[in-house]
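S.K.: Take this structure, written in structure tokens, and hold onto it; I'll ask about it next.
The values are calculated or read from the model by the stated rules, or taken from the named source; none is laboratory data. Nothing here was measured: the structure is a model prediction, and the numbers come from that model. Backbone-built Cβ (ideal geometry, glycine too); neighbour counts: all protein chains shown.
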Amino acid sequence: MGWLNGYYDWIKAVHVMAVIAWMAGLFYLPRLFVYHAERATVGSELDRTFRIMEDKLLRLIMRPAMITAWICGGLMVAMGGLDFSAVWGWAKLGAVIAMTAAHVWMAARSKDFAVGRNTRSGRTYRLANEVPTVLMIVAVVAVVVKPF
């Protein structure tokens, strides 16, 4: 990995851009689910519109951004960019794993909508909309402030 050290800042820049795109999707997708659950009936024009929006957000923005964030983050870890001897390194990793779990959960909910089998209320998706915010706060504070 030593040959990559000269590219660390570029890898970090791509990582930050990917995280921004991924987080935008993690913030927006549950909001789409709220409106989809509360305003669209299965098979309606609005239902089809929401399904297209949700699918494209996941496939074209969120999934590539998440994969890129993980690859760049993994490269930075391999180059010594995360201190696992301190709690903040583990807190950051835990937040990222939890964000990935939230992403997977949202992708499963999108599939539920796609086949007309959503069983969750708008309230569930409103609560789900808060999860990425809390995880983002944990990750950013852990890396920037390093309080522990």
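To keep it simple, each residue is scored yes or no on (1) surrounded by 15 or more Cβ atoms within 10 Å (Cβ to Cβ); (2) charged (D, E, K, R); (3) closer than 30 Å to Gly2 by Cβ.
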site: Ala21; (1), (2), (3): yes, no, yes
site: Gly25; (1), (2), (3): yes, no, no
site: Tyr35; (1), (2), (3): no, no, no
site: Thr49; (1), (2), (3): no, no, no
site: Ile61; (1), (2), (3): yes, no, no
site: Ile67; (1), (2), (3): no, no, yes
site: Ala98; (1), (2), (3): yes, no, no
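S.K.: Is at least one residue of region 112-123 farther than 30 Å from Gly6 by Cα and aromatic (Phe, Trp, Tyr)?
M.R.: Applying the first criterion (farther than 30 Å from Gly6 by Cα) to region 112-123 yields 112-123.
Still in the list and also aromatic (Phe, Trp, Tyr): 113.
Looking through region 112-123, at least one residue is farther than 30 Å from Gly6 by Cα and aromatic (Phe, Trp, Tyr).
S.K.: Within the set of pairs 6+ apart or on separate chains, which have a first residue in region 1-20 that is free of Cβ contacts under 8 Å to residues at least 60 places away in the same chain, a second that is of a type in the set (A, V, I, L, M), and C-beta atoms under 7 Å apart?
M.R.: So the pair list comes out as Ala18/Ala65; Ala18/Ala69; Val19/Ala69.
S.K.: Quick one: which residue in Tyr35, Tyr28 is of a type in the set (Phe, Trp, Tyr) and under 20 Å from Met136 (Cα atoms)? Spell out how you get there, then give the answer.
M.R.: Numbers: Tyr35 fails: under 20 Å from Met136 (Cα atoms).
Unique residue meeting the criteria: Tyr28.
S.K.: Another one. Farther than 19 Å from Met23 by Cα, small (Gly, Ala, Ser) and modelled with pLDDT of 95 or more: which single residue out of Gly122, Gly89 fits that description? I'd like the intermediate steps shown before the answer.
M.R.: Numbers: Gly89 fails: modelled with pLDDT of 95 or more.
Only one candidate passes the filter, namely Gly122.
S.K.: Tell me, please, whether a residue that is among the charged types (D, E, K, R) and more than 21 Å from Val131 (Cβ to Cβ) can be found in region 80-89.
M.R.: Narrowing region 80-89 to residues among the charged types (D, E, K, R): 83.
Cutting the leftovers down to more than 21 Å from Val131 (Cβ to Cβ) gives us 83.
Yes, because at least one residue in region 80-89 is among the charged types (D, E, K, R) and more than 21 Å from Val131 (Cβ to Cβ).
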